[in-house]
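Working notes, beginning with the structure itself.
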Amino acid sequence: MQRFLGPLLCLWALRLPAGSAAAARGLDVASYRERVRAMFYHAYEHYLESAFPYDELRPLTCDGQDTWGSFSLTLIDALDTLLILGNVSEFQRVVNVLQEGVDFDIDVNASVFETNIRVVGGLLSAHLLSRKAGVEVEAGWPCSGPLLRMAEEAARKLLPAFQTPTGMPYGTVNLLHGVNPGETPVTCTAGIGTFIVEFATLSHLTGDPVFEDVARKALKALWKNRSDIGLVGNHIDVITAKWVAQDAGIGAGVDSYFEYLVKGAILLQDKELMSMFLEYNKAIKNYTKFDDWYLWVQMYKGTVSMPVFQSLEAYWPGLQSLIGDVDNAMRTFLNYYTVWKQFGGLPEFYNIPQGYTVDKREGYPLRPELIESAMYLYRATRDPTLLELGRDAVESIEKISKVDCGFATIKDLRDHRLDNRMESFFLAETIKYLYLLFDPDNFIHNDGSDFDVVVTPYGECVLNAGGYIFNTEAHPIDPAALHCCRKRREEQWEVEDLMREFYSRKKTKKFILKRAPNHGEGESAKDPEDASSEKAGEKRNSKKSSHSLLSCPSQSFNSKLAVLGQINVGLYLLPENHFRKRP
């Protein structure tokens, strides 16, 4: 398996000349990057002025509203985007604001799914990026910290939802009282299977296995209840495990379940999760794929129930790229791009045979999914068509959606009527993926040639090496951080062996050392020469290397992924015949 994966991972890590593909089509990448930055601040500043501390901005009336639980949600969702745009000072200010102003001990009915992906995911990502943003972190970081404690508190408020006979969670929980007695037991598939990224990260950082355990149990419950032809439906009763809505597809109500099987497999190096996805992928291709479109079918029979494309399905080409299926991903992406060109956005539902919108589903709430796929595929191919989608998105959103107080949801793509809402995911996802598409040198795209080493109570830990895993709200999680807070001896040996190899080659980048708690509170950044005296003469230098420290053939697959986070594409545990064309 490693023999098969090694060359592919090396090819993926190659850094192509920035802007070369764009130049071929005359697209000014830097100019569009700055326009995206300006879009962010137009929306963000009006949220602060007109809507904070409410969850979201109402851009047509220049005021705010609570939507998902009264968490100042847009501020949490936008936090890591601030750092990706390079605004360290505002990131630091917002961290303080959130610590002082957000309270989860409130009598509010909250979506378990949305609270997890937006609040828990946003806080975890910000916690892991805090040192990079210049925040003065406490002793023990990344295994402790105020944002981590906030994420843990929010996640614990969700745990009562998982107390069902099947282990599949209710869709809604009261943050003060738990699950309401009359709560419906019917939950969508995505609302059950979209926890492993955040909850496993939380378990690894805090040492409490309960979060990962409930997330895994929910995933396996869905897997156990798939149909005989390998498909899952849209909604299920979490008490009886009976399918209530039996439409099977890759879009709304199901989407992020498949996404989290892949991303969970990559994040956790989990063969079982990837195997589950690959089995689903076979069934999806066999029963729902037609001419590079994906339709909705009856989960037990495989007969077509809805010949529609939903805008939420546009994440799929990006997910295909994560398993290395780039050719199929590009063909499907180009189908979706034709819909964008037709309307200047993706309608929520598009009737494929008729080539037009579906009644009462003509809107576009500035969703990110097609842009997300473009970002992933551009990293894989450098195809300038993907930059052209980014260009078209900027032009369309600015022309149709921009208003004096931000950017408004497009209620109807046919006549460009607007709705008085700006979802928090516009700043968390849409803007972020657009910016990363036009910013090839962003730290998020790090190929492992630069990294930090921190000293934790559990030993040395490699961070910021790249390979970030985006949760379904586009909050990046550093996979290497999951190995910072555990005492597994074999893992420690693996890290130490890798570090010795780096030291002996004298290609170390930079080291940020932190005192362990028994050395006193606070932190100190030390010179390599100072550090050497504490490591029995072990020499360290901070010289910049001219190429990646990774040498794909010389390091084991698990070591490279687990320690350095080199998992941008997730060519992970795939059989050697995976890329063979279907007959």
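The values are calculated or read from the model by the stated rules, or taken from the named source; none is laboratory data. Worth saying up front: this structure is predicted, and the values here are computed from it rather than measured. As a convention, Cβ positions derive from the backbone with ideal geometry for all residues, glycine included, and neighbour counts pool all protein chains shown. Surface areas here come from the heavy atoms of the whole protein model, side chains and all, with no ligands, DNA or RNA. Shrake-Rupley method; radii C 1.70, N 1.55, O 1.52, S 1.80 Å.
Here are the numbers for the structure shown:
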item	result
Surrounding net charge for ALA474, when Lys and Arg each add one and Asp and Glu each subtract one, Cβ distance under 11 Å	-4
Burial ranking of peptide ranges 302-314, 67-79 (average Cβ count within 10 Å, highest at the top)	67-79, 302-314
Karplus-derived 3J(HN,Hα), 6.51/-1.76/1.60, for each residue of the range 41-57, Hz, glycine and proline x	5, 4, 6, 5, 5, 6, 4, 4, 6, 10, 10, 4, x, 5, 5, 9, 8
Solvent-accessible heavy-atom area per residue, rounded to whole Å², over the range 218-305 at 1.4 Å	37
Whole-Å distance, taken between Cα centres, linking the range 69-142 and the range 396-431	24
Inter-label distance for HIS416 and LYS402, nm, one decimal - labels placed 7 Å from Cα along Cα-to-Cβ	1.2
Qualifying aspartates and glutamates (Cα of each under 15 Å from Cα of LYS224; at least 8 residues distant if same chain)	ASP237, GLU272, GLU279
Out-of-range pairs (alpha-carbon distance over 21 Å; input LYS220/LYS271; LYS360/LYS432; LYS217/LYS289)	LYS360/LYS432; LYS217/LYS289
LEU418 long-range amide H proximity, modeled H, under 5 Å	LYS411
Over the range 130-210, equivalent-ellipsoid semi-axes from the Cα gyration tensor in Å	30, 13, 11
Unit charges at the beta carbon, dipole of the range 341-455: most positive-side option, LEU387, ASN351, ALA374	ASN351
Accessible area of LYS132 in the full protein assembly, 1.4 Å probe (Å², nearest 10)	80
Long-range amide H partners of ASP63 with built H, under 5 Å	ARG58
Under 14 Å, Cβ to Cβ, from VAL173 - net charge with Lys/Arg +1 and Asp/Glu -1	-3
Cα shape, the range 322-402, gyration tensor, a/c 1.5 rule	oblate
Probe 1.4 Å, accessible area per residue of the range 330-384, Å²	36
Summed side-chain charge close to LEU83 - residues other than LEU83 whose Cβ falls under 10 Å, Lys, Arg +1, Asp, Glu -1	-1
Other-chain or far-sequence residues with amide H under 5 Å of TRP296's (modelled H)	SER305, MET306, VAL308
³J(HN,Hα), Karplus 6.51/-1.76/1.60, whole Hz, each residue of the range 382-391, x for Gly, Pro	6, 6, x, 4, 5, 5, 5, 4, x, 4
Anchor LYS301: aspartates and glutamates whose Cα lies under 13 Å away (excluding residues fewer than 8 positions away in-chain)	ASP228, ASP247
Integer Hz, Karplus 6.51/-1.76/1.60 couplings in order for the range 92-107, x for Gly and Pro	4, 5, 5, 4, 5, 4, 5, 4, 7, x, 9, 10, 9, 8, 10, 8
